[in-house]
Amino acid sequence: MSILQSHWPGSRVLDLFAGSGALGLEALSRGAAHCTFVERSRGVLRVLSRNVDQLGAGERSTLVLADAMEFVKHIDDEYDIVLADPPYDRGLATDLIRRFQAKPFAKALWVEHRSGEDVPEGPLVDQRVYGDTMLTGVVARDTGDGAP
């Protein structure tokens, strides 16, 4: 989160594979204007809804019951930052990065995945390793503001 500290204020965030909403809620707490949370499990989405309510973030949040990989097929560059924490070892991080590189749907995408996963490389990729976890950041285009 601190990598993007200067990019949070006023940003439109998409949290894919949202789970409890930790990533998107953290973005909101750091000044993001709005976060759309995408989660495919009804039960998990109910927990996420309670978390959003408990933190008073309802007016700045949209919750979507959908498969994240299907959801990204239908959006066009309407987000500033996309955060994704897909289940490990299913190739979802790689697939998501490839889709983003082929047709960007935000200014920047950050995906959490297992270290050593063979994710696509490119000229606008930033990677950070934290033990067994890696964060891969991909910029859709040069925004001139240093993102990611």
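Values quoted throughout were computed directly from the atomic coordinates according to the rules given, and no laboratory measurement underlies them. The structure displayed is predicted, hence computed values, not measured ones. Neighbour counts are summed over all protein chains in view; Cβ atoms, including those assigned to glycine, are modelled from backbone coordinates with ideal geometry.
Please give, to one decimal in nm, the separation of the simple spin-label points placed at Tyr130 and Glu70, each 7 Å out from Cα toward the Cβ. Here the answer is 3.1 nm between the modelled labels. Just report the Cα centroid separation between the range 54-88 and the range 19-42, whole Å. One Cα centre to the other: 7 Å. Among residues other than Ser49 with Cβ under 13 Å from its Cβ, the summed charge is +1 (Lys and Arg +1, Asp and Glu -1).
Backbone amide hydrogens, once placed in the peptide plane, bring Leu14 within less than 5 Å of Thr36, Ile81, Val82, Leu83, excluding anything fewer than 5 places away on its chain.
DSSP assigns beta bridges within the range 2-139; of those with both partners inside it, close to 40 percent run antiparallel. With θ taken as phi - 60° and the Karplus curve 6.51 cos²θ - 1.76 cosθ + 1.60 applied, the whole-hertz 3J(HN,Hα) list for the range 22-34 is 3, 5, x, 5, 5, 4, 4, 5, 9, x, 4, 6, 7 Hz, x standing for glycine and proline.
Each residue of the range 129-136 was assigned a 3J(HN,Hα) from its phi angle through the Karplus curve 6.51 cos²θ - 1.76 cosθ + 1.60 (θ = phi - 60°); the sequence is 10, 10, x, 7, 10, 10, 10, 10 Hz, with glycine and proline shown as x. For the range 56-66, backbone phi angles converted through the Karplus equation (6.51, -1.76, 1.60; θ = phi - 60°) give residue-by-residue couplings of x, 9, x, 6, 10, 10, 10, 9, 10, 8, 6 Hz, Gly and Pro being listed as x. Database remark: amide H of Val125 closer than 5 angstrom to no amide H (H placed geometrically; neighbours at sequence offset of 5 or more, or on other chains; Pro and chain starts carry no H). Taking amide hydrogens as placed 1.01 Å from N in the peptide plane, the amide H of Leu63 sits under 5 Å from those of Phe37, each at least 5 positions away in sequence or on another chain. Counting every other Cβ atom within 10 Å of each residue's Cβ, Thr136, Thr36, Thr94 order from fewest to most as Thr94, Thr36, Thr136.
How would Ile75, Ile81 line up from fewest to most surrounding beta-carbon atoms within 10 angstrom?
Ascending number of Cβ neighbours within 10 Å: Ile75, Ile81.
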